[in-house]
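Here, each number is a calculation from the coordinates, and none is a lab measurement. Keep in mind that this is a model prediction, so the values were computed, not measured. Counting neighbours? That spans all protein chains shown, and the Cβs are built from the backbone with ideal geometry, glycine included.
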Amino acid sequence: MAFNLDPVYLLNFALCIVILALGAYAYRRKKSFIPLLIGVAFGLFAVSHLMTLLAMAKTLETPLIVIRALAYLTVIFALYKYSVQTQTNRN
């Protein structure tokens, strides 16, 4: 198996794993799904970066697009839930 140890993808992968862990930690502490959703989204980004690091990006281009789109949609949903929650708390 070939590896593509591009430092940008390696750093992105590591940071995505850290954000995933922090999202899970924040969920356990605060019982809020929003940090968990953001963590899951970055976990999906981590999967896409890992696939690139493992030189699988070209052969799995369509699944990568789907994974990244799901990650972005998860962040959008989390931000929407946060904005609705914030508006509800103001009223």
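Rounded to the nearest 0.05, what FRET efficiency do Val84 and Leu22 have when you use their Cβ-Cβ distance and R0 = 25 Å?
That pair, Val84 with Leu22, gives E of 0.65.
Quick one: if the Förster radius is 25 Å, what FRET efficiency do Leu15 and Phe77 give, using the C-beta to C-beta distance and rounding to 0.05?
The formula returns an efficiency of 0.75 here.
Calculate, in nm to one decimal, what Lys31 and Ile65 gain on full extension: separation in residues at 0.36 nm each, minus their alpha carbon distance.
9.2 nm
Are there any helices in the chain, counted as whole DSSP H runs, that stretch 20 Å or more along their axis by Cα and score at least 1.6 on average by Kyte-Doolittle, and if so which?
Helices meeting the span and hydropathy rule in the chain are 33-53.
Order these by the 10 Å Cβ neighbour count, fewest first: Leu60, Leu37.
Ranking Leu60, Leu37 by Cβ neighbours within 10 Å, fewest first, gives Leu60, Leu37.
Name the residue farthest towards the positive end of the dipole of the chain from the options Ala2, Ala24, Thr74, assuming +1 on Cβ of Lys and Arg, -1 on Cβ of Asp and Glu, about the Cα centre.
Ala24
Suppose every K and R has +1 on its Cβ and every D and E has -1 on its Cβ; what is the size of the dipole of the stretch 7-90 about the Cα centre, in Debye to the nearest 20?
420
List the trypsin sites (Lys or Arg not before Pro) within the stretch 25-57 that fall in a DSSP loop (any state other than H, G, I, E or B) and whose Cβ has at most 15 other Cβ atoms within 10 Å.
Answer by residue number: Lys31.
How high is the relative contact order of the chain, given as a whole-number percent (alpha carbon pairs under 8 Å, six or more residues apart)?
With pairs under 8 Å counted, the relative contact order is 32 percent.
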